[in-house]
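**Q** Take this structure first; my questions come after.
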2 protein chains.
Amino acid sequence: MKRINKRALIAFLSMWFIVTTAWAQQVSRPNIIFFLVDDLGWNDLSLPISGNVTANNKKYHTPHIEQLAKEGIVFTDAYTAPVCTPTRVSLITGVNAARHHVTNWTSPQKDRYTDAADEQFDPPEWNINGFSPEPGIAKTFVGTPLPAVLRDHGYFTIHVGKAHWGPRGTPSSSPNNVGFIVNIAGHAAGHPQSYLPEEEYGNIPGKGSFQSVPDLEPYYQTDVFLTDALTREALKAIEYPVSRKQPFFLNLGHYAVHTPIMGDKKYLQKYLDAGLDSVEARYASLVEGVDKSVGDILAYLKQKNIEKNTVFIFTSDNGGLSLAPPRGGESFTHNLPLRVGKGSVYEGGIRVPLIVKYDGVVKQGTVSKNYVIAEDIFPTLLEIAGIRNAKVIQKVDGKSFVPSLRNAAVTDTNRVLIWHYPNKWRNPDGPGINYHSALRKDNWKLVYNQRTGERYLYDLRQDIGETTDVSGKYPAVAKSLSALLGQTLAEYNALMPVDKKTGRQLAYPE
Amino acid sequence: MKRINKRALIAFLSMWFIVTTAWAQQVSRPNIIFFLVDDLGWNDLSLPISGNVTANNKKYHTPHIEQLAKEGIVFTDAYTAPVCTPTRVSLITGVNAARHHVTNWTSPQKDRYTDAADEQFDPPEWNINGFSPEPGIAKTFVGTPLPAVLRDHGYFTIHVGKAHWGPRGTPSSSPNNVGFIVNIAGHAAGHPQSYLPEEEYGNIPGKGSFQSVPDLEPYYQTDVFLTDALTREALKAIEYPVSRKQPFFLNLGHYAVHTPIMGDKKYLQKYLDAGLDSVEARYASLVEGVDKSVGDILAYLKQKNIEKNTVFIFTSDNGGLSLAPPRGGESFTHNLPLRVGKGSVYEGGIRVPLIVKYDGVVKQGTVSKNYVIAEDIFPTLLEIAGIRNAKVIQKVDGKSFVPSLRNAAVTDTNRVLIWHYPNKWRNPDGPGINYHSALRKDNWKLVYNQRTGERYLYDLRQDIGETTDVSGKYPAVAKSLSALLGQTLAEYNALMPVDKKTGRQLAYPE
């Protein structure tokens, strides 16, 4: 062999080595499990997420989530939209609801407004058909969905459980159209008809509904509660990428703990014995079922020895439901010390648990007081996946919170978060429920009532329960934040309720 | 750099090159599309599969299937079991129904016999719960399913459409448990509730049934007929492995042309104009919908430039339905010149179209007269995929027909095929329907009536229509084939109907 050939050979083979090992490195990026609970309140856990043990913390039993917190970081001030589809669209697009215009939950049926009737307002032309990955579908927000980006960068993407990105008859009613290679049990519906295998999760012939949960036939007439069935399916589905050492993104959207509040008999008696009323005991059993799911997944990751290379994110899609009925007890008490619950722009409706386990990056057992919001998940997961310069057609409002993962002390007190709900969730209005906007900056929280034009200012550092309006005490702050809210809504091209008298949208707050 | 280092470097890098290119070669194995039509009769095509144009051939319009035949090989003598689940289990296990004991179609509900009541017989304890990939499920045949083997050897496995390997409440009611990474629209049911998007394929709330087709919500209330929806989903699903250059196995099980015989309005008028009665016109429109699916897939393969590296296998799961009603016209005429149809061990019930396009291996436009059967698909696909020594727990009865693909002249006239149906499909009995077995060797076909012990011999070379029993003319042949049938059934540990008087299974034929 001549010297020149050897050199060429070495050059060629070295290039080959570089290319193939670069490819191998690419596929050793961390797995990501996004574990999304439905309607789980901020302190519906035995974990004292605020640092102080609350009455709620004493009601629930979630040892695996406590363990997760010990091994990860807890965000005390994590937010979502006040209802589910807006949050779910924000999660996969990185866009705030005020901009994506899917401001309310979507019907399982196409072209249907879900707003309750109102004497004063008509709903604005919000995107009642939800999210769409492709243009040309009327009344949808069109964007590049996170799972598709992850898939196109080498991740094996799996959706299991509740989807709820858009109605039947539109692309996003199938998670396969949102970038998921595998979909099990996700569709247009926002809740399950039944959690019970004896009711076939709502698939008994002639008794089905829009909420019949698809794809779980093997569990019919067994003793497997819906939450457990989804966990099993999730673990089976990740088996494939795990066996190939391909990084995976598992989007596990539990139907729990949304209504119908059905008891999981494995856990129910304990809560009845503890004195909870029958509804709240059932609710607590749903919560513990979710905890079991966390435990089962963490055990699987250990068993497969991929625990250290798997980022686990635990969160909820909005605050806990606080209407009674369907909850037990008294309305608007279920998230105390937070005010109100699902549907409201008060903290009870928008503040959620967020726990991230990320070995090697997150310092175990830490707490972040940085305030973050659902749309941050998009850039955060892209950063975790090492994806830069992804082709994304929408303007992303979210901000990666990876710096807070690396160092729990990192916060951004200049950041402005807004919530915007120009819709009517229910009749009658409740505190912060229907036609409200809100803004948070540092520890100030401004609540704006679109119906009345009233504004309220709270100092969350002193008053996490938003009990005392301090706008009289700090008029300059209230005025400046109100203007900031108006400017931000204008910048987002936010929709406002339509005044029935004039036929025109309301003006933004000043 | 020292000489020794250079040598070591070259050695190391060369090894790397070999390993990685070997891996790359592994993933360049051919894609496989197994296109399975439901209840499509042997000559329900405009393609004259027998070589002679039949009356049926003139009724139907299937230009893309004609084209497929021009580009591939047509098997004139391809067989299945007389009803669907037995065939479908044979396809994924390589085992004959007489051995796997799933001798009849399975109910969507667990632990249910589907046999019609009979005065003389009780059904034997056949595997009413179908196939199972895992032990411990009562009344199932346990085996290693073909898709799992393909998946474990690098294939990306996709199921779209009808599955029907076992009832709700058992593992195989989800194709994900049968080795498919992706499942769209497959479950326990053996037919669709509806082909119509306006009927949401049977998913209108309150109107669902065991046959509500899952996973197709994006098409509800559009103009996409079920067959087209499945085709679209199949093409979307293969996009992922195609983009990664990973070989794929697509198991496209069309619900068409099974009952309910609903018209596809894109094609219907043409058949009415041609004088077909309304049922038969609808049936022909279902057939043309399947042809369109073939055409769409072939066009996609061309467009993606993977046509030459994709093996396309077109076939049916049993003979054409020949009961009227639900078919139009007169019973037992629909597969002429073949006798009877679905449910019968006469040729009309078991002989099906089989066309294989395999560029570079199959000589275009050829015809094989080798007689082959559903269980041959298992070893054939393993050979095509280059998989040797796969770990398979069941004894495989099938035989690879790759030699016939390589050379259309290769036949095996010593081979013995058997059919065994110790069940009652319907009331009343029909020719070859209920409690029958059959055997083919060379061009001899023996039909055995379990109820009466009668045997009939046909010479298929002279008499494809099985009109003339020649057992009197060739008593030695009849005797020898009858003994061979009995021996084979004994070897397979086949089940026989249970005589109600004695409570014991019938003896095998002698």
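None of the figures in this text is laboratory data; all of them are computed from the coordinates on show. In this text, all values refer to a predicted model and were calculated from it rather than measured experimentally. Here the Cβ positions follow ideal geometry from the backbone for every residue, glycine too, while neighbour counts run over all protein chains shown.
**Q** Hey, which aspartates and glutamates would be in cross-link range of A:Lys395, C-alpha to C-alpha under 13 Å, not counting anything within fewer than 8 residues on its own chain?
**A** A:Glu375, A:Asp376, A:Glu491
**Q** Got the relative contact order for segment A:233-377 handy, in percent, Cα pairs under 8 Å and 6 or more residues apart?
**A** Relative contact order of segment A:233-377: 17 percent.
**Q** Which net charge results when you count Lys and Arg as +1 and Asp and Glu as -1 among the other residues whose beta-carbon is under 11 Å from that of B:Asp463?
**A** Result for the local shell: -1.
**Q** Sticking with this one: Compute, for chain A, the length of the dipole vector about the Cα centre, with Cβ point charges of +1 (Lys, Arg) and -1 (Asp, Glu) only. Units Debye, rounded to 20.
**A** Using Cβ point charges on Lys, Arg, Asp and Glu, chain A gives about 2060 debye.
**Q** Using only alpha carbon pairs under 8 Å that are at least six residues apart, calculate the relative contact order of segment A:30-415 and give it in whole percent.
**A** So the answer I get is 28 percent.
**Q** Which order do peptides A:298-309, B:355-366, A:353-364 fall in by mean Cβ count within 10 Å, highest first?
**A** Per-residue Cβ counts within 10 Å, averaged per peptide and sorted highest first, yield A:353-364, B:355-366, A:298-309.
**Q** Moving on. Once you have a ≥ b ≥ c as the square roots of the Cα gyration tensor eigenvalues for segment B:30-415, tell me rounded if a/c is under 1.5, and otherwise prolate or oblate according to whether a/b is larger than b/c.
**A** Because its axes are fairly even, with a/c under 1.5, segment B:30-415 counts as rounded.
**Q** Enumerate the helices in chain B for which the Kyte-Doolittle hydropathy averages -0.5 or more and the C-alpha atoms extend at least 15 Å along the helix's axis, using complete DSSP H runs.
**A** Qualifying helices: B:3-26, B:226-244, B:278-303, B:475-491.
**Q** Then there's this: Only counting other Cβ atoms within 10 Å, I'd like A:Met262, B:Met15 sorted with the fewest neighbours first.
**A** B:Met15, A:Met262
**Q** Please list, ordered by chain and number, the residues whose modelled amide H lies under 5 Å from the amide H of B:Gly130; skip anything fewer than 5 residues away on the same chain.
**A** Correct list: B:Phe141.
**Q** Indicate, rounded to the nearest 5 percent, the antiparallel portion of the DSSP beta bridges found entirely in segment B:30-415.
**A** In segment B:30-415, DSSP labels about 25 percent of beta bridges as antiparallel.
**Q** In what sequence do A:Thr103, B:Thr144, B:Thr93 fall when counting other Cβ within 10 Å, fewest first?
**A** Starting with the residue having the fewest Cβ neighbours, the order is B:Thr144, A:Thr103, B:Thr93.
**Q** Using 32 Å as the Cα-Cα cut-off, could you pick out the over-long pairs in B:Lys58/B:Lys207; B:Lys59/B:Lys445; B:Lys207/B:Lys424; A:Lys245/A:Lys363?
**A** Too far apart for the 32 Å limit: B:Lys58/B:Lys207.
**Q** For peptide B:161-170, how many partner chain Cβ atoms fall within 10 Å of a residue's Cβ, on average?
**A** 3
**Q** Now for a different question. Please label the shape of segment B:106-225 as rounded, prolate or oblate, based on the square roots a ≥ b ≥ c of the eigenvalues of the alpha-carbon gyration tensor (a/c under 1.5 means rounded; beyond that, a/b larger than b/c means prolate, else oblate).
**A** Oblate shape, in that a/c is at least 1.5 and b/c is the bigger or equal ratio.
**Q** From the Cα gyration tensor of the protein assembly as shown, with a ≥ b ≥ c the square roots of its eigenvalues, which class applies: rounded if a/c is under 1.5, or else prolate if a/b is larger than b/c, or else oblate?
**A** prolate
**Q** If we hang a label 7 Å off Cα along the beta carbon direction at B:Arg406, how far is it from the matching labels on the other copies, in nm, shortest first?
**A** Copy-to-copy label distances for B:Arg406: 5.9 nm.
**Q** Calculate how many DSSP beta bridges within the protein assembly as shown are antiparallel, expressed in % of all such bridges and rounded to the nearest 5.
**A** Restricted to the protein assembly as shown, the bridges split so that about 55 percent are antiparallel.
**Q** Also: Residue of B with Cβ nearest the axis relating B to A, plus distance in whole Å?
**A** Nearest residue, distance rounded to whole Å: B:Leu13, 1.
**Q** Fewest to most neighbouring Cβ within 10 Å: what's the order for A:Asp469, A:Asp223, A:Asp429?
**A** Ascending Cβ contact count within 10 Å gives the list A:Asp223, A:Asp469, A:Asp429.
**Q** Sort the following peptides by mean Cβ neighbour count (other Cβ atoms within 10 Å, averaged over residues), highest first: B:484-491, B:445-452, B:473-480.
**A** B:445-452, B:484-491, B:473-480
**Q** Treating the point 7 Å from Cα along Cα-beta-carbon as the label, what are the nm separations from A:Asn305 to the other copies, to one decimal?
**A** Copy-to-copy label distances for A:Asn305: 4.1 nm.
**Q** For peptide B:217-225, how many partner chain Cβ atoms fall within 10 Å of a residue's Cβ, on average?
**A** Counting Cβ atoms of other protein chains within 10 Å of each residue's Cβ and averaging gives 6.
**Q** Ordered shortest first, which distances in nm separate the 7 Å Cα→C-beta label point of A:Gln462 from those of the other copies?
**A** 10.9
**Q** Continuing with this model, one more query. Need one value for A:98-110: mean number of C-beta atoms belonging to other chains within 10 Å of its residues' C-beta atoms.
**A** Mean shielding count: 1.
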